[in-house]
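**Student:** This structure is in structure tokens; I'll ask about it shortly.
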2 protein chains.
Amino acid sequence: MVKSDSVTIADVAKRAGVAKSTVSRIINDVPGVKPVTRSKVLQAIEELGFRPNMLARSLKTNMKQQIALAIDDIRNPYYPELAWAVEQVAKENGYRLVLINHYGNAEEELAIIRRMNEMHIDGIIMLSISNPTALKNNINHASVPVCLIGNMGEDVNADMVFLSKTEGLLAMEHLIRIGCSNIAYAGGPKQLHQGTRYEAYDTSLSMNFMKPNSANVYIGTDFSLQTGIQAADYFCSLPELPDGVYAANDMIAIGLIQRLLENKIRVPEDVTVVGVDDISWSTIARPRVSSVSNLTGETGRIAAELLLRRIKEGQTTPLRKVQLEPRLIVRESTVKVTVN
Amino acid sequence: MVKSDSVTIADVAKRAGVAKSTVSRIINDVPGVKPVTRSKVLQAIEELGFRPNMLARSLKTNMKQQIALAIDDIRNPYYPELAWAVEQVAKENGYRLVLINHYGNAEEELAIIRRMNEMHIDGIIMLSISNPTALKNNINHASVPVCLIGNMGEDVNADMVFLSKTEGLLAMEHLIRIGCSNIAYAGGPKQLHQGTRYEAYDTSLSMNFMKPNSANVYIGTDFSLQTGIQAADYFCSLPELPDGVYAANDMIAIGLIQRLLENKIRVPEDVTVVGVDDISWSTIARPRVSSVSNLTGETGRIAAELLLRRIKEGQTTPLRKVQLEPRLIVRESTVKVTVN
DNA sequence: TAATAAAATCGAACCGGTACCATAAAATCT
DNA sequence: AGATTTTATGGTACCGGTTCGATTTTATTA
């Protein structure tokens, strides 16, 4: 906090009896300085405790060594893992991470894209975008590269990494293979990005010659624990209790399972439950929740790598899209010996 | 990504037929510009799509509108809540958040403090410091204000927010009041900051005229789930199973409980367990874990407020220390009807 | 040793804003 | 209307680095 931070490259230059540019060369390891000069300058730097002002450097070079990650809420258990992976890659490449929560608020999302150049960042990774179409145009005119997590289609000027939309199919397939015959779906609003998970329910049933039953579908207001709890209550109120539930995410699955247990319904014996996301809670909750992993860490790593590469390459190379395949992880919420 | 980002304040000035300084005045809402000039300039800004370059501004003003939060690992369930609270306050005040994981690595911690001025930040909040004494001197010479979470003593030039070290006492008191007579402790290394939680075990027992029994103390290698599992195995191997366990944190408590249940030991009927931290998992795990809340969100909020205030005030005002009181939250892992 | 080539260093413009002083324009007062 | 204040705007140095052409120093060659 000592004010002494005012020692500049000019001070060093004067002290060492050289020009500013020479000092600059040395702190940037530019070849072509006589060893004797170098050591003179290094000594001066040492003596004065000089630390280059990165702002000044950035102003000239236009490299800030920072990238942003815009997510909807770090408290959502999916994100810490993602943020961690991104920060890891960033750090390995000498970048820092700016974390932004947009709370799935379309206005905030827009503001982030529009005001990107006001932030000290070289690029941004964004996900959980609630209103993609509204953002597309702005992304295309963004002042720094954008990397999106989630498939936003073709006409967006951004690298992307996303999962095949097979999570739902994997989950459904698992339930069916296990022997469930009366499968239900519990999810949040269909229009949100996770909403597409609903489609797998219908698709998978028809692909397996099972008749969809709209009474077996519970659509809550969000993708939270609370929705799971409400879904459980709803399913319990049905004339026939489903024997398998495909939950749109693990939070819902966990809430659902807990409520079923409270109602003395056994999981997986009476009802089998599979979730999606494989958040860490799924290993903690009892029974442990079978889940389709969306490869969080992998996704973050790849997004960061794509972004950093884009920052280096600029627009010279074509856009890249990386598609990952989700993976089912079987745990106790679906492991049952008997088949109905 | 369009390169057009080169429109500067000079371009606007030329277009509007005024001086740079006038434009600057307008974008900074400095009073004393004729309305007609203002609108002329605003129009030019609009037409050119001008966005001020914050780097240039920061270089002159030395305000970056960014603060950093250095924690050990965002994946640790305690941190998302904290990071969220900090980001909230930051955002409300027009600041962004830079997130740094130091993994409890003393060298990284030191590097963060020493290279602070190379980051684009106006201040930093730091916690989970593994080697406080090594950092003190560097903190005192830091180039931006530091706010510490955790009590680092007197001779540190930093605002602080920390909890009274009564978590342990609260937890122990609860077990004792509930009727436990053979209480055990499960924790991580005693030298780490959470290690002080052990002391409450001894203290509390003697304060209540109960004899500490060193066989009832399990010290693991860290504060993880794994340690809890190992502790459970250890306690089960004792001639007499404890009737209450005070776990140094919730992760340990959760691991411990799960392993006890696997061993057909009921919680809380056979063994009562209380943790510390009140992480969100404690509400998810079954039975829900009674825990002493360390007021995560509150802590983050206050830290951010202290830091921002310090940034505004500079060194003109005395250091501030805020001490919070932990609070016990009773859940199913300790609610039992019968008393042994 | 002088002429030439290569290497090292200097100097100044520049990045894009801010801030302060000087000046011009408008408003107020005799 | 002319002098005096007040208000609005212009001009420019500055923040602390980088960059690149110009210049000096050193090494090479004749």
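**Student:** Given a 1.4 Å probe and heavy atoms of the protein chains only, how would you sort B:221, A:296, B:283, largest accessible area at the top?
**Tutor:** Details: B:221 115, A:296 15, B:283 60 Å².
Ranked list, largest accessible area first: B:221, B:283, A:296.
**Student:** Still on this structure, please answer the following. Do any residues of region A:115-151 lose at least 50 Å² of accessible area when the full set of protein chains is present rather than just their chain alone, and if so which, with a 1.4 Å probe?
**Tutor:** In region A:115-151, residues shielded by partner chains: A:117, A:118, A:120.
**Student:** Need the C-alpha centroid separation for region A:146-161 versus region B:157-205, integer Å.
**Tutor:** 49 Å
**Student:** Can I get the semi-axes of region A:7-71's equivalent ellipsoid? Compute them from the C-alpha gyration tensor as square roots of 5 times the eigenvalues, in angstrom, largest first.
**Tutor:** They are 27, 13, 10 Å, listed from largest to smallest.
**Student:** Straight distance only, please: which aspartates and glutamates reach the Cα of residue A:136 with their own Cα at less than 15 Å, same-chain residues fewer than 8 apart left out?
**Tutor:** By straight Cα distance, residue A:136 reaches A:107, A:108, A:109, A:154, A:155, A:159.
**Student:** If region B:167-294 were replaced by its equivalent ellipsoid, with semi-axes equal to the square roots of 5 times the Cα gyration tensor eigenvalues, what would those be, largest first, whole Å? Could you put the intermediate results ahead of the total?
**Tutor:** Values: eigenvalues 66, 54, 42 Å².
Equivalent ellipsoid of region B:167-294: 18, 16, 15 Å, largest first.
**Student:** Using the heavy atoms of the protein chains alone and a 1.4 angstrom probe, what is the accessible area of region B:167-294 per residue in square angstrom?
**Tutor:** Details: 4880 Å² over 128 residues.
Here the residues of region B:167-294 average 38 Å² of exposed surface.
**Student:** Next up: Between region A:294-308 and region B:273-303, what is the separation of their alpha carbon centroids in Å?
**Tutor:** Rounded to whole Å, the Cα centres lie 30 Å apart.
**Student:** Relative contact order, percent, of region A:3-52 when contacts are C-alpha pairs under 8 Å separated by at least 6 residues? Spell out each step's value before the answer.
**Tutor:** Values: 40 pairs, mean separation 24.2, N = 50.
Taking the mean separation of contacting Cα pairs over the length of region A:3-52, I get 48 percent.
**Student:** Okay, moving on. Give me the 1.4 Å probe accessible area per residue for region A:1-147, excluding ligands and nucleic acids, in Å². Don't skip to the end; give the middle numbers.
**Tutor:** Working: 6620 Å² over 147 residues.
Roughly 45 Å² per residue, with all protein chains present.
**Student:** Using just the alpha carbons, could you tell me how many Å³ per residue the convex hull of chain A encloses?
**Tutor:** Working: hull volume 57.2 nm³, N = 340.
Dividing the Cα hull volume of chain A by its residue count gives 168 Å³.
**Student:** Near the amide H of residue A:125, under 5 Å away, which other amide H atoms are found, from residues 5 or more places off or on another chain, if H is placed in the peptide plane?
**Tutor:** Under 5 Å from the amide H of residue A:125 lie the amide H atoms of A:68, A:69, A:70, A:147, each far enough along the sequence or on another chain.
**Student:** Here's another thing I want to ask about it. Run the label-point distances for residue B:214 please: 7 Å along Cα to Cβ, every other copy, nanometres, shortest first.
**Tutor:** Listed shortest first, these distances are 7.2 nm.
**Student:** Taking each residue of B:51-60 in turn, how many C-beta atoms of other protein chains fall within 10 Å of its C-beta, and what is the average? If you can, show how the numbers build up before the last one.
**Tutor:** Numbers: counts 6, 2, 6, 8, 13, 4, 3, 6, 7, 2.
That average works out to 6.
**Student:** Something else: In the structure shown, do any of A:64/A:321; A:64/B:34; B:14/B:312; B:165/B:211; B:14/B:60 have a Cα-Cα gap over 31 Å, and if so which?
**Tutor:** Numbers: A:64/A:321 25 Å; A:64/B:34 37 Å; B:14/B:312 35 Å; B:165/B:211 22 Å; B:14/B:60 22 Å.
Over 31 Å Cα-Cα: A:64/B:34; B:14/B:312.
**Student:** Now, a different point. Please compute how much accessible surface disappears when B pairs with A, both sides summed, using a 1.4 Å probe, and round it to the nearest 100 Å².
**Tutor:** So the buried area, both faces added, is about 5100 Å².
**Student:** Can you send over the solvent-accessible area of residue B:206, 1.4 Å probe, protein chains only, in Å² to the nearest 10?
**Tutor:** 70 Å²
**Student:** For A:209, A:223, what's the largest-to-smallest order of accessible area, 1.4 Å probe? List each step's numbers first, then the result.
**Tutor:** Numbers: A:209 190, A:223 30 Å².
Per-residue accessible area, sorted high to low, gives A:209, A:223.
**Student:** Now for a separate question. How big is the accessible area of residue B:54 in square angstrom, nearest 10, if you roll a 1.4 angstrom probe over the protein chains?
**Tutor:** Accessible area, nearest 10 Å²: 40 Å².
**Student:** Inside 10 Å of the C-beta atoms of B:69-80, what's the mean count of C-beta atoms belonging to other chains? Display every interim value, and only then the final one.
**Tutor:** Numbers: counts 1, 0, 0, 0, 3, 11, 10, 2, 6, 0, 5, 8.
Going residue by residue through B:69-80 and averaging, the value is 4.
**Student:** Follow-up. Calculated from DSSP H runs of 4 or more alone, at -39500 (n - 2.57) each and per residue, what is the 222 nm mean residue ellipticity of chain A, nearest 500? Working shown, then result.
**Tutor:** Details: 13 runs with 140 residues, N = 340.
Value at 222 nm, helices only: -12500 deg cm²/dmol.
**Student:** What FRET efficiency would be calculated for the residue pair residue A:28, residue A:141, taking the C-beta separation as r and a Förster radius of 35 Å, to the nearest 0.05?
**Tutor:** Numbers: r = 33 Å, r/R0 = 0.93.
So, using R0 = 35 Å, E works out to roughly 0.60.
**Student:** Once phi is turned into ³J(HN,Hα) by the Karplus curve 6.51 cos²θ - 1.76 cosθ + 1.60 with θ = phi - 60°, what whole-Hz value does each residue of region B:21-34 show in order, with x for glycine and proline?
**Tutor:** Computed from phi, the couplings for region B:21-34 are 4, 5, 4, 4, 4, 5, 5, 9, 6, 7, x, x, 10, 5 Hz.
**Student:** Now for a separate question. Could you tell me the calculated FRET efficiency between residue A:309 and residue A:222, based on Cβ-Cβ distance and R0 = 45 angstrom, to the nearest 0.05? Numbers along the way, then the final one.
**Tutor:** Numbers: r = 35 Å, r/R0 = 0.78.
That pair, residue A:309 with residue A:222, gives E of 0.80.
**Student:** When the Cα centres of region B:37-97 and region A:93-117 are compared, how far apart do they sit, in Å?
**Tutor:** Centre-to-centre distance over Cα atoms comes out at 10 Å.
**Student:** Could you sort the peptides A:148-154, A:83-89 by per-residue average Cβ neighbour count (10 Å cutoff), highest mean leading?
**Tutor:** Working: A:148-154: 17.6, A:83-89: 22.9.
Per-residue Cβ counts within 10 Å, averaged per peptide and sorted highest first, yield A:83-89, A:148-154.
**Student:** Still on this model: Please report the carbon-and-sulfur percent of the accessible area for chain A; probe 1.4 Å, protein heavy atoms only, DNA, RNA and ligands left out. Mind dumping the intermediate values first?
**Tutor:** On the way: 7730 of 14740 Å².
Exposed carbon and sulfur together represent 52 percent of the surface.
**Student:** Could you sort the residues of region A:275-289 by number and keep only those whose accessible area is reduced by 30 Å² or more in the all-protein-chain setting relative to the chain alone, 1.4 Å probe?
**Tutor:** The answer is A:281, A:284, A:286 - residues whose exposure falls by at least 30 Å² when every protein chain is included.
**Student:** Indicate, rounded to the nearest 5 percent, the antiparallel portion of the DSSP beta bridges found entirely in the protein assembly as shown. Display every interim value, and only then the final one.
**Tutor:** On the way: 9 of 79 bridges.
Percent antiparallel among DSSP bridges in the protein assembly as shown is about 10.
**Student:** Check each of the trypsin sites (Lys or Arg not before Pro) in region A:233-340 and keep only those in coil by DSSP with at most 16 other C-beta atoms within 10 angstrom; list them in order. It would help to have the intermediate numbers written out before the result.
**Tutor:** Numbers: sites: A:259, A:264, A:266, A:288, A:301, A:309, A:310, A:312, A:320, A:321, A:327, A:331, A:336; in loops: A:264, A:266, A:288, A:320, A:331, A:336.
Of the trypsin sites (Lys or Arg not before Pro), the ones in loops of region A:233-340 whose Cβ has at most 16 other Cβ atoms within 10 Å are A:264, A:266, A:320.
The values are calculated or read from the model by the stated rules, or taken from the named source; none is laboratory data. Predicted model, so just to flag it, every value in this text is computed and none were measured. As a convention, Cβ positions derive from the backbone with ideal geometry for all residues, glycine included, and neighbour counts pool all protein chains shown. Heads up: the accessible areas ignore ligands, DNA and RNA and are worked out on the full protein's heavy atoms, side chains in. Shrake-Rupley method; radii C 1.70, N 1.55, O 1.52, S 1.80 Å.
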